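The values are calculated or read from the model by the stated rules, or taken from the named source; none is laboratory data. All values reported here derive from a predicted model rather than from experimental measurement. Because the Cβ atoms are built from the backbone with ideal geometry, glycine has one as well, and the counts that use them run over all protein chains shown.
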Amino acid sequence: MAWKRITVTDELCKTERRHNNFTLADIHKYAPGILPTDCVKIKHDEGYESDNNSWDPSYTLIVTRTRDATDEEMAKFVQSLEERKAKSKFERYEYFLQLKGEFDGLPAPDEPIWDKEEEQERRRNNNKR
């Protein structure tokens, strides 16, 4: 089966700072060798204050780079996918055997489980009330 290439996201930098936002100079300082295609995210946490619990506001700088997976990573991905598929099939089979054991001894689906005349009589009696 031909697989499409998958992409891998590598985290180049993750830094947290209290009170001050990051500048462009800070980004180049914490993530040297940054490329124009890299993704730069700055998250802001407003902080929280209460009587017994609080934290200061903070900023988090996250720099990520997306690339194509290598042949080794693709082989590892395909192998893990096949293992999960086999495990899932085995678990479904175990569940099938459990259900089969639970319903052994019941009539086959083409055999009636209840008497139709008896069911019709019960319905007529309920409608008369």
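Identify all residues within segment 53-79 that are among the aliphatic types (A, V, I, L, M) and within 25 Å of Thr37 (Cα to Cα); write none if there are none.
Leu61, Ile62, Val63, Ala69, Met74
Is there a residue in segment 37-45 that is in a strand (DSSP E or B), within 14 Å of Thr15 (Cα to Cα) and among the acidic types (Asp, Glu)? Reasoning before the result, please.
At the first step, the residues of segment 37-45 found to be in a strand (DSSP E or B) are 39-45.
Retained after the next criterion (residues that are within 14 Å of Thr15 (Cα to Cα)): 40-45.
Then drop every residue that is not among the acidic types (Asp, Glu), which leaves 45.
The answer is yes; a qualifying residue exists.
Got a number for residues in segment 7-58 being touching a residue at least 24 places away in the same chain (Cβ under 8 Å), farther than 28 Å from Met74 by Cβ and among the basic types (Lys, Arg)?
Count: 2.
Conditions (1) under 20 Å from the mean Cα position of the chain (by Cα); (2) more than 30 Å from Leu24 (Cβ to Cβ); (3) assigned by TED's automatic domain parsing to the domain that holds Asn20, marked per residue:
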position: Leu61; (1), (2), (3): no, no, yes
position: Arg65; (1), (2), (3): no, no, yes
position: Val78; (1), (2), (3): yes, yes, no
position: Glu82; (1), (2), (3): yes, yes, no
position: Lys85; (1), (2), (3): yes, yes, no
position: Glu91; (1), (2), (3): yes, yes, no
position: Tyr95; (1), (2), (3): no, yes, no
position: Lys100; (1), (2), (3): no, yes, no
position: Asp104; (1), (2), (3): no, yes, no
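Return the residues of segment 25-84 that are exposed (fewer than 10 other Cβ atoms within 10 Å of the Cβ) and aliphatic (A, V, I, L, M); say none if nothing qualifies.
Ala25, Leu35
Among the residues of segment 14-31 satisfying the criterion of being of a type in the set (D, E, K, R) and within 16 Å of Asp56 (Cβ to Cβ), which is nearest to the chain's Cα centre (by Cα)?
Looking at residues that are of a type in the set (D, E, K, R) and within 16 Å of Asp56 (Cβ to Cβ), I get Glu16.
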